[in-house]
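Visitor: Attaching a single structure in structure tokens format; questions to follow.
Read-outs: derived from the displayed coordinates by stated rules, not from any lab. This is a predicted model, so every value here is computed, not measured. Every residue, glycine among them, receives a Cβ derived from its backbone with ideal geometry; neighbour counts consider all protein chains shown.
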Amino acid sequence: MKLRYKLPTLIVAGVIINTVLLSSLAYVFMADALRVAKIETFSALRNDRMNALRKFLETTERELAAFSSGSGVKNALFELDAAWAELEPGKRAQDLRALFPAAQPEGVASAMPSPPPPGLDTYFLTHRRIHPWFADVTRELGYHDMMLVNLDGDVIYSAIKGEYFALNLISGGAMNSKISRLADAALREDGASRAELFADFTPYAGDDEIPVAFLAAPILDGGESVGALIIGLPLTAINAIMQSEEGLGASGETYLVGDDFRLRSDSRVDKYQRALRASRDTPLVFRALSGERAVEQGVGMHGRPSLIGFQALAFRGVTWVLMAEIDIDEMEAPVNQLRRVLLGVSVLVMIGLALPGLSMAQRIAIPLGRIAQAFIDFANTHKAEAIPYTNRADEVGDLARTFVDVSRQMAENIAARQRAQEQLEDAYAVITSSINYASRIQRAILPEEQTFNRLFSDFFILWRPRDVVGGDIYWASKWRDGVIICLGDCTGHGVPGAFMTLITTGAMDRALLETPQGRPDLFLQTIHQAVQRTLGQDGESGESDDGMELGVCYFPPSGDRMLFASARFDLFIIENGQLTDLKPTRKGIGYRGIPFDQTYKLNEIPMTPGKRFYMTSDGLIDQIGGKKRRAYGKKRFRELLLSLQKTPMSQQEERIMESLVTYQGGERRRDDVLVMGFEARGGIADESNAPPSEHAPTA
């Protein structure tokens, strides 16, 4: 090929290669920047929706508190309750619903019978005077309803005369419903928690089953409850926030999901995705309910690949998940537009460079190709290699020198990171070894089985630290001529909990020497005082506030009885198929707020042969699990113990652990687990040939 053809061909080829390379790099970086910006914008959108929802709920709470504490609402309750009392008891609902139909909640005077039943005209006149204010508030603030409930649970007023008007929420047809429990909590004399005063969205039968949530507040007079104010939160208020089109584009959605995985708002683009009727039982919703918040790709509500942001919102004991999503295709639209623009620009650049750059082809195209290869080589090897053209005084030389400097710096950084990784792995190995060694130390202080074999006809000990080491411990020792057994649950778990167990065992060894034999109550008091002194918690100043719960059983030489004292450790006793829960002293050990001279109750229990005893730390009782994600609880534990009474004690450990694992399911283990059970022998086995306990005091 002649030079006049070869040179233009080389020029055009060089321009094309370099333009495509630079355009591709620009596209990658700019596309990533656009995606990051879109994700940040979407995260901000999710946060805006969350803040708007929180503001709406908090505003509604403040409004409810203001109304329920105001004299106007209280006086309206008194007047309407007095008028209600005049109505004929058996016909109240029938008469009032005829006089105040839902279509005309202000009342129909023409519907008043002649002559009116007793008291009906009084209620009508009282209602006509009071209703306009409630109706205006309900309409202006966007409530679904406002209801007044008297102390008997009667709905004596409803702004819209809805489903519950003139009914009794406590004993009527609504009994055991969410709103019934809500009213009962608001009317209780001992007060109610914020969670008890909120009922999540349920279908409202009186209005085409539109979902409605309810908030309640007690109406107080002189500090005592005289009734309750209940307001209905309509789904429209939630939809107004969730269905705002700002920042969502054509396919975007923001919606709420409850902890039952059903929607708590309607879809803005799909009429079939309705609150309480459609569900979103997805891993992302489950993760949000577990406390995670993130923005990532997944399958959206409409079955298409989407960018999805999720975050949980806790309100009065109810957890909702705010989901924000937009189709990937729509999100990628700016990136696709960028690709088309870059393609057009690349063509123009190639034409613009090819025509005037023929004479510079060999001085530009070839060096850029070699520098580009150096980029590729560095990306693969992470080693800075010398490249040519660094001595040139033009832009190619600048690019070559910049690459050399940057690649060398990056190579040094990569090497430093590898060294840091190696140091981190070494440190992790040291820490792991230390914790494993600590576990061996902790296990070494646990008593041997032969101690329990001499005391009991049968027993088991279930000890499962949550981590390698833990804060739960069991301990046994000779006490003069008797035997003492302790179960402890120290503050914390893992390494901090293990440190506390060492402090505890040291305090118990000391207490054996300082406490009169056979007085486990004084034994607990001595340990309490020792821990407070050791941790500096016997005064008002200081940062720590640590301690433990401790159950102590002492067995005198006769073995015919057991002396028991406990700091917040229940003792479960089963005899003849009946379970008794021996309650402990409700004060712990060592905590700053407990008096230094705290005393503990002493109990004496006969050791009848066949009688069974159980103690457990709160690691089992407080473990979250089950379909409703609630604590395992003492009730379930008692039922489990009764179901195991035909099972030998030595086999009950495995059965109890199986029950815990099954109930826990996919939940994270929250604490250490310690359960001990033993069956009375009626006497201590001969231990004259047994070696003394390693924990026994020598004095």
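Visitor: Given Cβ point charges of +1 (Lys, Arg) and -1 (Asp, Glu) and nothing else, what value in debye, to the nearest 20, does the dipole of segment 436-561 about its Cα centre take? Provide the component values of the computation, followed by the final result.
Guide: Numbers: 11 positive and 17 negative charges, 96 e Å.
With only Lys, Arg, Asp and Glu charged at Cβ, the dipole is about 460 debye.
Visitor: For segment 373-437, what is Rg from Cα atoms divided by 2.2 N^0.38 Å, rounded to two decimals?
Guide: 1.75
Visitor: How far apart, in nanometres, would the label points at residue 453 and residue 51 be if each is projected 7 angstrom from Cα along the Cα-to-Cβ direction?
Guide: So the two model labels end up 6.9 nm from each other.
Visitor: Identify, among 202, 366, 225, the residue whose Cα sits farthest towards the positive end of the charge dipole of the chain, taking +1 on the Cβ of Lys and Arg and -1 on the Cβ of Asp and Glu, with the dipole about the Cα centre.
Guide: 366
Visitor: Oh, and also: My understanding is that a pair violates if its Cα-Cα distance is over 30 Å; which of 601/628; 583/628; 74/634 do that in this structure?
Guide: Details: 601/628 37 Å; 583/628 28 Å; 74/634 41 Å.
Violating the 30 Å limit, Cα to Cα: 601/628; 74/634.
Visitor: If you wrap segment 445-680's Cα atoms in a convex hull and average its projection over all directions, what's the area in nm²? All intermediate terms of the calculation are to be shown ahead of the outcome.
Guide: Values: hull surface 50.2 nm².
Result: a mean projected hull area of 12.6 nm².
Visitor: Also: Once a ≥ b ≥ c are taken as the square roots of the eigenvalues of the Cα gyration tensor of the chain, is the result rounded (a/c under 1.5), prolate (a/b larger than b/c) or oblate (a/b not larger than b/c)?
Guide: oblate
Visitor: Using each residue's phi in segment 46-58, evaluate 6.51 cos²θ - 1.76 cosθ + 1.60 at θ = phi - 60° and report the 3J(HN,Hα) Karplus result to the nearest Hz, with x for Gly and Pro.
Guide: Once rounded to whole Hz, the list reads 4, 5, 4, 4, 4, 5, 5, 5, 4, 4, 4, 5, 5.
Visitor: From Cα coordinates alone, what are the radius of gyration and Dmax values for segment 495-573 in angstrom?
Guide: Computed over the Cα atoms of segment 495-573, radius of gyration and Dmax are 13.9, 46 Å.
Visitor: Using the Cα centre of the chain as origin and beta-carbon charges of +1 (Lys, Arg) and -1 (Asp, Glu), tell me which of 24, 176, 84 is placed farthest towards the positive end of the dipole.
Guide: 24
Visitor: Check which residues have an amide H placed less than 5 Å from residue 472's amide H, if you skip close sequence neighbours.
Guide: HN-HN under 5 Å from residue 472: 490.
Visitor: Related question: Determine, for each peptide in 219-225, 127-133, 197-203, the mean count of other beta carbons within 10 angstrom over its residues, then list the peptides with the highest first.
Guide: Ranked from most to least packed, the peptides come out as 197-203, 127-133, 219-225.
Visitor: Per DSSP H run of at least 4 residues, take -39500 (n - 2.57); add these up for the chain, divide by its residues and hand me the 222 nm value, nearest 500 deg cm²/dmol.
Guide: Working: 17 runs with 308 residues, N = 699.
My calculation for the chain gives -15000 deg cm²/dmol from helical runs alone.
Visitor: Shifting gears a bit: Could you list 558, 407, 617 in order of exposure, starting from the residue whose Cβ has the fewest other Cβ atoms within 10 Å?
Guide: 558, 407, 617
Visitor: Could I ask something else about it? For segment 70-236, restrict the atom set to alpha-carbon positions and state the Rg and Dmax in Å.
Guide: Rg and Dmax of segment 70-236, Cα atoms, are 15.0, 47 Å.
Visitor: About the Cα centre, and with charges only on the beta carbon of Lys, Arg (+1) and Asp, Glu (-1), how big is the dipole of segment 445-680? Nearest 20 debye, please.
Guide: Using Cβ point charges on Lys, Arg, Asp and Glu, segment 445-680 gives about 780 debye.
Visitor: Ordered by residue, what ³J(HN,Hα) values in Hz, to whole numbers, does segment 374-380 give under the Karplus form 6.51 cos²θ - 1.76 cosθ + 1.60, where θ = phi - 60° and Gly and Pro are x?
Guide: 5, 4, 5, 4, 5, 4, 7
Visitor: Now a separate question. Using alpha-carbon pairs under 8 Å, 6+ residues apart, how would you state the relative contact order of segment 242-321 in percent?
Guide: So the answer I get is 24 percent.
Visitor: When the chain is fully extended, how far beyond the present Cα-Cα distance does residue 394 get from residue 579, taking 0.36 nm per residue of separation? Provide the component values of the computation, followed by the final result.
Guide: Details: separation 185, 0.36 × 185 = 66.60 nm, distance 9.28 nm.
Gain in length upon complete extension: 57.3 nm.
Visitor: Further question on the same structure: Would you mind calculating the gained length between residue 329 and residue 128 on full extension (0.36 nm times residue separation, minus the Cα-Cα distance), in nm to one decimal?
Guide: Difference between extended and current length: 66.6 nm.
Visitor: Tally Lys/Arg at +1 and Asp/Glu at -1 over every other residue whose Cβ is under 13 Å from the Cβ of residue 188; what's the total?
Guide: Once all neighbours under 13 Å are counted, the net charge is -4.
Visitor: What length, rounded to one decimal in nm, is gained on full extension from residue 435 through to residue 287, with 0.36 nm per residue of separation minus their alpha-carbon distance? Display every interim value, and only then the final one.
Guide: Values: separation 148, 0.36 × 148 = 53.28 nm, distance 3.06 nm.
Once the chain is fully extended between residue 435 and residue 287, it gains 50.2 nm.
Visitor: Something else: Would you mind working out the magnitude of the charge dipole of segment 373-437 relative to its Cα centre, with +1 at each Lys and Arg C-beta and -1 at each Asp and Glu C-beta, to the nearest 20 Debye?
Guide: With only Lys, Arg, Asp and Glu charged at Cβ, the dipole is about 80 debye.
Visitor: What list of ³J(HN,Hα) values in whole Hz, one per residue of segment 633-640 in order, does the Karplus curve 6.51 cos²θ - 1.76 cosθ + 1.60 (θ = phi - 60°) give from phi, with Gly and Pro shown as x?
Guide: x, 5, 4, 5, 5, 4, 4, 5
Visitor: Name the residue farthest towards the positive end of the dipole of segment 445-680 from the options 499, 487, 619, assuming +1 on Cβ of Lys and Arg, -1 on Cβ of Asp and Glu, about the Cα centre.
Guide: Positive-end residue among those listed: 619.
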